[in-house]
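Encoded as structure tokens, the structure appears first; notes follow it.
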Amino acid sequence: MKIGLYPGSFDPFTSGHLDILLRASHMFDRLYAAVLINISKQPFFTADERILQIEAAAASLNLKNITVGSFSGLLINYAKEINAGFIVRGLRAMTDFEYEIQIDAMNRKLAPEIETVYLMAKPEYSFLSSSVVKEVGYFGGSIEGLVPEVNKNLIAERLIRR
Ligand code: PNS
């Protein structure tokens, strides 16, 4: 069974993330989406909120082979725990490339048997990030199209400056 792992902060889970999840779901028998629980970084959305966002988005596209979870510590340890042979990452601009080279080099050193595959973001999502969604939503701008439709209202309601 071919198992993939799509990790990230997903704070929040964007339309660009969903596009990668959808495309990667066709590549594996089972695809785990895993939310990073990073004790040194305070996310806006709780891990449970982010997990629910991914589950709702996957269900909205009727994706059947997705399991959503969370992990802390080293990614490759989680990959081994769930028997994933592949890590999936999305790539947008050159800045992502620089960042991903570093992560790839470290993960490869720690676990050479686990391969990372990169999916290019669709052009319409190439400048979309969780940070942009948070900023637009905080100042009351429309996040239509930036996050999966099924999560839009909940995310907008949480982000809006009070
Ligand atoms: O969506 P992000 O924030 O770019 O995802 C980054 C992530 C979660 C893939 C990366 O930070 C990670 O794997 N963190 C876990 C710690 C780890 O394994 N570090 C070693 C590789 S640098």
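Summary: within the chain, the longest segment free of chymotrypsin sites (Phe, Trp or Tyr not before Pro) located in DSSP loops with at most 11 other C-beta atoms within 10 Å is 1-126.
When you restrict to C-alpha pairs under 8 Å that are six or more residues apart and normalise by the size of the chain, the relative contact order lands at 29 percent.
With +1 on each Lys and Arg Cβ and -1 on each Asp and Glu Cβ, and nothing else charged, work out how big the dipole of region 83-162 is about its Cα centre, in Debye to the nearest 20. Mind showing how you got there, number by number?
Numbers: 10 positive and 11 negative charges, 65 e Å.
Approximately 320 debye in magnitude.
Applying 0.36 nm per residue to the separation of MET94 and PHE139 and subtracting their alpha-carbon distance, the gain on full extension is 13.4 nm.
For region 105-153, what is the per residue volume of the convex hull drawn over the alpha-carbon atoms, in cubic angstrom? Working shown, then result.
Values: hull volume 6.4 nm³, N = 49.
With only Cα atoms used, region 105-153 gives 131 Å³ per residue.
Note on LYS2: lysines with a C-alpha under 30 Å away, same-chain residues under 8 apart excluded, are LYS64, LYS80, LYS109, LYS122. Quick one: go through region 61-81 and flag any residue whose amide nitrogen is under 18 Å from the point 7 Å out along the Cα-to-Cβ line of MET1. Output list for this probe position: 63-70, 78-81.
In this rough spin-label picture, where each label sits 7 Å from Cα along the Cβ direction, the GLU149-ALA59 distance is 1.7 nm. Here's the list of lysines a cross-link from LYS41 could span, going by alpha-carbon distance under 16 Å and ignoring same-chain residues fewer than 8 apart: LYS134. Does the chain come out rounded, prolate or oblate by the C-alpha gyration tensor, with a ≥ b ≥ c the root eigenvalues, rounded set by a/c under 1.5 and, if not, prolate when a/b is larger than b/c and oblate if not? Prolate, since a/c reaches 1.5 and a/b exceeds b/c. Summary: within the chain, the longest segment free of GluC sites (Glu not before Pro) located in DSSP loops with at most 16 other C-beta atoms within 10 Å is 1-112. Measuring between their Cα centroids, region 119-162 and region 55-87 lie 22 Å from each other. Only aspartates and glutamates eight or more places from LYS152 in sequence, or on another chain, were considered; those with a Cα closer than 17 Å are ASP11, ASP19, ASP48, GLU49, GLU55, GLU135, GLU144.
Every number here is computed from the coordinates shown, using simple stated rules; none is lab data. Since this is a predicted model, take the numbers as computed values, not measurements. Glycine gets a Cβ as well: all are built from the backbone with ideal geometry, and neighbour counts include every protein chain shown.
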